[in-house]
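Read-outs throughout are calculated quantities, based only on the coordinates presented, and are distinct from any laboratory measurement. As the structure is a computational prediction, the values presented were derived from the model and not from experiment. Backbone-built Cβ (ideal geometry, glycine too); neighbour counts: all protein chains shown.
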Amino acid sequence: MATTKTDASERDGDTPLGPLKALVIHGPNLNLLGTREPEIYGTVTLKDIDRELKRLGAELGIAVTTYQSNGEGAIVDRIQQARGRADVILINPGAYTHTSVAIRDALVAVGLPVVEVHLSNVYRRERFRHRSMIADIAVGRIMGFGAASYYLALRAAREIIRPRAPAGN
């Protein structure tokens, strides 16, 4: 009788090569969360969001790395560094959502699944915010739930990158 080995790391969502890895990128002005336009973005700080993402990631078997920059070039650099180091990218490009071909091209170049995240529902805001340069390359978009948008995105990303059992098992 054949036996199947299932160790704790497999049960927790780890692959034989180690834990699944998510890179979460926060764009410009998100470092001001908690004080910037709280009527739109709420009072939760970026530090609070990052802490909860890492806690939730541990629960889901995902090692979460977070990164924030106000600079487009720095964001492009960090996306490029994710190749071979991450399994999925969650990104809130902030204002670059509507303008950055460079961020879009970097996301395409690394070939990782992308989930676009926004705290507010961009379609309930100014018309110029309705256009996203990355919507058509993202696996999905989650917006309008405040900080919970990030947590929902991480849960969705887990489903995207979950190791699948070979057919026939």
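Using alpha-carbon pairs under 8 Å, 6+ residues apart, how would you state the relative contact order of the stretch 15-161 in percent?
27 percent
The stretch between residue 109 and residue 47 holds 19.4 nm of extra length on full extension. This uses 0.36 nm per residue minus the Cα-Cα distance. Taking chymotrypsin sites (Phe, Trp or Tyr not before Pro) across the stretch 25-99, none is in a DSSP loop with at most 13 further Cβ atoms lying within 10 angstrom of its Cβ.
FRET efficiency for the residue 55 to residue 162 pair, using the beta carbon distance and R₀ = 22 Å, is estimated at 0.70.
Restricting attention to the stretch 52-136, which trypsin sites (Lys or Arg not before Pro) occupy a DSSP loop and are surrounded by at most 11 other Cβ atoms within 10 Å?
Answer in residue order: 85, 131.
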